[in-house]
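**Student:** Can you keep this structure in mind? I'll have questions shortly.
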Amino acid sequence: MKKPEIALLGLLIIVLPLLSKAQVLKDGKLSLNEDGSRYVKFTIVNQTWLRNTTFNEGSTVFGYAKKNGWDIGIRRFRMQFFGQLTDKVFIYSQIGENNFNGIADRKFGFFIHDALGEYVVVKNKLSLGGGLAAWSGLARFASPAVGSILGVDAPLYQQSTNDVTDQFLRKLSVYAKGKLGKFDYRLVLSNPMAFQKAASYNAILSPDVANFSSKPPKLQWNGYVQWQFLDQEANLTPYMTGTYLGKKKVFNIGAGFVYQPKAMWHLSTNKADTLETNMVQLSLDAFYDSPVGIEGQAISAYASIGYFDFGKNYIRNLGVMNPANGTTRKDIINGAGNAFPGYGTGNVFYAQFGYKLKDNLLGKTTIMPYISLQHSDYERLKQGMNYWDLGINWLLNGHTSKLTVAYQNRPIFIAGPNGKGEFSNRKGSTIIQYQVFFN
């Protein structure tokens with residue numbers, strides 16, 4: 001029996017006995033007692049992409065040169081199963097896959113995202129938990145609720161160690177979280193996963209560029225706090241809503257951090273010594289999401305500034321569901337396909353804005369255009385890195401059924417004589433995404 005079949009069988013073994021005891025079905029929850037305070041809940045989301053990409057120069061697909069092309073893929077497929085089993089005990093799990101396209105490994109990507117248990121110490125104020133979890137620090141969208149994000153992707157740079165020393169942003173962690181009035185907090189102690197198991201693993205040490213250390217990692221501290229001025233947001237799970245589509249009036253200011261001693265290393269200038277450095281990341285952000293008209297109009301706005309220290313000249317590319325897997329141009333810092341320098345040592349500014357038009361604009365549907373920008377001043381690059389994403393959401397039924405057309409534009413950097421990246425040109429991708437979300 002293969003892993004996906006085992007996972008589904010295990011889910012059924014858990015769910016079916018609970019279904020037999022359930023008394024009431026309300027708001028998608030199966031109540032386990034009369035007042036509904038004990039329950040189990042199941043959700044599912046699927047996001048399918050049809051995309052046209054102008055590839056980075058030199059890109060190849062299994063050795064064949066390719067300049068541009070169409071591809072179809074499943075960006076995300078997720079199933080959540082969680083429940084309040086007693087007044088004190090909460091359990092949460094999520095399984096699924098990401099980035100499954102025509103060049104991905106088959107029958108492989110279905111994996112456990114989250115598996116955690118939690119105990120309420122003081123109701124609403126303090127809960128303690130542990131497991132494989134997305135409770136994390138740094139910024140609001142370090143743990144995005146993907147079914148409600150404004151565009152086709154959240155600001156992925158905030159998931160700063162994604163699949164390097166974690167499992168697709170989830171970390172083996174213990175955590176404390178809660179709300180003290182309008183103050184919402186999470187504090188997390190994580191055990192980073194071995195860098196040797198990452199797809200980006202490289203054991204070569206350099207005096208010019210830092211990389212993650214191959215030594216057994218030290219524990220990582222991270223946290224995020226926010227002051228919620230208006231409507232209060234739930235913190236039952238770690239995932240934070242992208243936009244409420246005018247259903248709430250939210251204004252938050254937040255701050256976060258990630259810190260890991262001796263996480264990075266590089267050679268000294270004379271190559272005689274290995275220098276170890278700490279990984280430090282800091283952020284400030286603000287989120288505003290509110291109705292603005294009497295006919296259902298709403299706005300959603302978010303901005304964040306961040307400081308990232310991965311060590312000397314560190315840079316890492318981000319290529320979502322990359323349609324290429326090779327390159328003949330080793331001088332291009334971006335690498336192949338649709339990749340661009342998304343992570344690095346330096347400062348990052350990010351902002352996004354969306355406007356939802358009135359309800360029932362097109363029959364019973366409406367639209368919500370948006371735009372976002374990531375501007376990064378990375379130590380490795382001579383110029384700033386500007387990544388644009390703009391699009392239109394056609395809200396067929398809110399987040400439950402929506403069609404998004406997006407255009408993403410990225411810069412290309414070529415290594416100069418001293419190894420610093422120099423801006424060359426820009427490439428783009430057009431994406432059509434259809435989302436189905438049962439929540």
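**Student:** What single numbered condition from (1) in a loop (DSSP other than H, G, I, E, B); (2) in contact (Cβ under 8 Å) with a residue 12 or more places away in the chain; (3) out of contact with any Ser or Thr (no Cβ under 6 Å at 6 or more places or on another chain) fails to hold for Ser127?
**Tutor:** (1)
**Student:** Could you look through the range 115-140, keep only residues that are under 27 Å from Ile253 (Cβ atoms) and exposed (fewer than 15 other Cβ atoms within 10 Å of the Cβ), and pick out the one that is nearest to the chain's Cα centre (by Cα)?
**Tutor:** Of the range 115-140, the ones under 27 Å from Ile253 (Cβ atoms) are 118, 120-129, 133-140.
Narrowing further to those that are exposed (fewer than 15 other Cβ atoms within 10 Å of the Cβ): 121-125, 128.
On the way: Val121: 29, Val122: 30, Lys123: 28, Asn124: 26, Lys125: 26, Leu128: 23 Å.
The qualifying residue nearest to the chain's Cα centre (by Cα) is Leu128.
**Student:** Go through the range 22-72 and count every residue that is at pLDDT below 95 and exposed (fewer than 13 other Cβ atoms within 10 Å of the Cβ).
**Tutor:** 8
**Student:** While we're here: Residues of the range 156-188 being within 16 Å of Val320 (Cβ to Cβ) and among the hydrophobic types (A, V, I, L, M, F, W, C), which ones?
**Tutor:** Correct list: Leu156, Val164, Phe168, Leu169.
**Student:** From the list Ile371, Ile414, exactly one residue is over 19 Å from Gly319 (Cα atoms) and of a type in the set (Val, Ile, Thr). Which is it?
**Tutor:** Answer to the selection: Ile371.
**Student:** Report, by residue number, each residue of the range 182-203 that is more than 14 Å from Thr165 (Cα to Cα) and surrounded by fewer than 13 Cβ atoms within 10 Å (Cβ to Cβ).
**Tutor:** Lys182, Phe183, Ala203
**Student:** For the range 200-212, check the following and say yes or no: at least one residue is more than 19 Å from the chain's Cα centre (by Cα), within 29 Å of Gly117 (Cα to Cα), of a type in the set (D, E, K, R) and not in a strand (DSSP E or B).
**Tutor:** Going residue by residue through the range 200-212, those that are more than 19 Å from the chain's Cα centre (by Cα) are 201-212.
Now drop any that are not within 29 Å of Gly117 (Cα to Cα), which leaves none.
Checked the range 200-212: no residue is more than 19 Å from the chain's Cα centre (by Cα), within 29 Å of Gly117 (Cα to Cα), of a type in the set (D, E, K, R) and not in a strand (DSSP E or B).
**Student:** Considering only the range 319-333, how many residues are among the β-branched types (Val, Ile, Thr) and buried (at least 23 other Cβ atoms within 10 Å of the Cβ)?
**Tutor:** If we filter the range 319-333 for residues that are among the β-branched types (Val, Ile, Thr), which is where we start, we get 320, 327-328, 332-333.
Imposing the further condition that a residue be buried (at least 23 other Cβ atoms within 10 Å of the Cβ) reduces the set to 333.
So the count comes out to 1.
**Student:** Could you pull out the residue among Asn322, Asn278 that is modelled with pLDDT of 95 or more and assigned to a loop (DSSP other than H, G, I, E, B)?
**Tutor:** That would be Asn322, the only listed residue that is modelled with pLDDT of 95 or more and assigned to a loop (DSSP other than H, G, I, E, B).
**Student:** Run down Gly242, Gly254, Gly246 and say which single residue is touching a Phe, Trp or Tyr at 6+ places or on another chain (Cβ under 8 Å), in a loop (DSSP other than H, G, I, E, B) and closer than 12 Å to Tyr288 by Cα.
**Tutor:** Gly242
**Student:** May I ask you to list pairs of residues, at least six apart or on different chains, whose Cβ atoms are under 8 Å apart, with the first in the range 297-311 being aliphatic (A, V, I, L, M) and the second being at pLDDT 95 or above and outside any strand (DSSP E or B)?
**Tutor:** Ala298/Thr243; Ala298/Tyr244; Ala298/Leu245; Ala298/Gly246; Ala298/Val292; Ile299/Val292
**Student:** Among the residues of the range 204-236, which ones are polar (S, T, N, Q), more than 13 Å from Lys171 (Cβ to Cβ) and buried (at least 20 other Cβ atoms within 10 Å of the Cβ)?
**Tutor:** Asn211, Ser213, Gln226, listed by residue number.
**Student:** Condition first: within 28 Å of Val209 (Cβ to Cβ), without any contact (Cβ under 8 Å) to a residue 60 or more places away in the chain and part of a loop (DSSP other than H, G, I, E, B). Now tell me which residues in the range 358-414 satisfy that.
**Tutor:** Lys382, Gln383, Gly384
**Student:** All but one of (1) among the hydrophobic types (A, V, I, L, M, F, W, C); (2) closer than 16 Å to Leu156 by Cβ; (3) buried (at least 22 other Cβ atoms within 10 Å of the Cβ) hold for Ala336; which doesn't?
**Tutor:** If we test Ala336 against (1) among the hydrophobic types (A, V, I, L, M, F, W, C); (2) closer than 16 Å to Leu156 by Cβ; (3) buried (at least 22 other Cβ atoms within 10 Å of the Cβ), just (2) comes out false.
**Student:** Here is a further query. Please determine whether any residue of the range 101-109 is in contact (Cβ under 8 Å) with a residue 24 or more places away in the chain and part of a strand (DSSP E or B).
**Tutor:** Scanning the range 101-109, I find no residue that is in contact (Cβ under 8 Å) with a residue 24 or more places away in the chain and part of a strand (DSSP E or B), so the answer is no.
The values are calculated or read from the model by the stated rules, or taken from the named source; none is laboratory data. A quick note: this is a predicted structure, and the numbers were derived from the prediction, not measured. Using ideal geometry, Cβ is built from the backbone for each residue, glycine included, and neighbour counts are taken over all protein chains shown.
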